[in-house]
1. Which order do Glu40, Glu156 take by accessible area at a 1.4 Å probe, largest first?
2. Within 10 Å, count the other beta carbons around each residue, average over each peptide in 164-175, 107-118, 50-61, 15-26, and list them highest first.
3. When the chain is treated as a GNM, springs tying every alpha-carbon pair under 10 Å, which of Asn73, Asn137, Asn188 comes out with the largest mean-square fluctuation?
4. Assigning unit charges at the beta carbon (Lys, Arg +1; Asp, Glu -1) and nothing else, what dipole magnitude in debye, to the nearest 20, does region 74-149 show about its Cα centre?
5. Taking the radius of gyration and the Kirkwood hydrodynamic radius from Cα positions alone, what is the Rg/Rh ratio for the chain, to two decimal places?
6. Based on the alpha carbon coordinates of region 131-203, what radius of gyration and maximum Cα-Cα distance (Dmax) apply, in Å?
7. Could you give the size of the charge dipole of the chain about its Cα centre, using +1 on the Cβ of each K and R and -1 on the Cβ of each D and E, expressed in debye and rounded to the nearest 20?
Amino acid sequence: MRIASGDWALTLDPAAGGLIRALTRRGADILRPMPEGSAEPLESACFPLAPYANRIAHGRFDWEGETFALTPNHPAIAHPIHGTAWLGEWMVRDSREDSVTLVHAHTADADWPWSFSLTQTLCLSAQGLTARLAITNTDARAMPAGLGFHPWFAREHVTAISFAAKGLWLGDAEMLPTEHTTPDALGNWSTPAPLELPHLVDN
């Protein structure tokens, strides 16, 4: 489905992980467009992360005195990654010309042993995209949770970036964090720097 406002347009796929397939401004890609016909979430422009982001090492974690074990959820990745919402079906609760609200319900299972619901709202305006994600624990017991979005920004016209950070996690060959270090360990980003540097991905 598609929403639009002024210079901005967004296409999304509620049935396949509630993911964004493309985001454009004046016809130019802001997010990396998903290949036509692809159903692979890792090729999307952006998808929701919940009830956790990144990898759970070996699928094991402790919570309130109990140890939990999850199985890998993507054939190309050794550890459970990015939660369950990006692989599930979302329903359209409300749709307008410039906005859409999607909902997703998860029932406790082997992938995540708590039940929860999610609401994702995408809204376009003259300023661009506002994306919101909210989680509600619908289980009878407390659960850990983290959430967010996984965007891929188009790089065609990007020559450099700068940002402020307090630290950096270095990752191993399995992309698991191993060491917390200074934010300039892989480059000085306090002033604009090019992205064509080694070892930037998944640290």
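1. Details: Glu40 60, Glu156 155 Å².
So the residues, ranked largest to smallest area, are Glu156, Glu40.
2. On the way: 164-175: 11.7, 107-118: 16.1, 50-61: 17.6, 15-26: 20.3.
Answer by packing, highest mean first, reads 15-26, 50-61, 107-118, 164-175.
3. Taking springs between Cα atoms under 10 Å, the residue moving most is Asn188.
4. On the way: 4 positive and 7 negative charges, 34 e Å.
Charge dipole of region 74-149: 160 debye, to the nearest 20.
5. Numbers: Rg = 18.3 Å, Rh = 18.7 Å.
The Rg/Rh ratio comes out at 0.98.
6. Computed over the Cα atoms of region 131-203, radius of gyration and Dmax are 16.6, 50 Å.
7. Numbers: 13 positive and 23 negative charges, 110 e Å.
Computed charge dipole of the chain: roughly 520 debye.
The values are calculated or read from the model by the stated rules, or taken from the named source; none is laboratory data. These numbers come from a predicted model, not from an experiment. Please note: Cβ atoms are built from the backbone with ideal geometry, for glycine as well, and neighbour counts cover all protein chains shown. We work out accessible area using only protein heavy atoms, side chains counted, and drop any ligands, DNA or RNA first. Shrake-Rupley method; radii C 1.70, N 1.55, O 1.52, S 1.80 Å.
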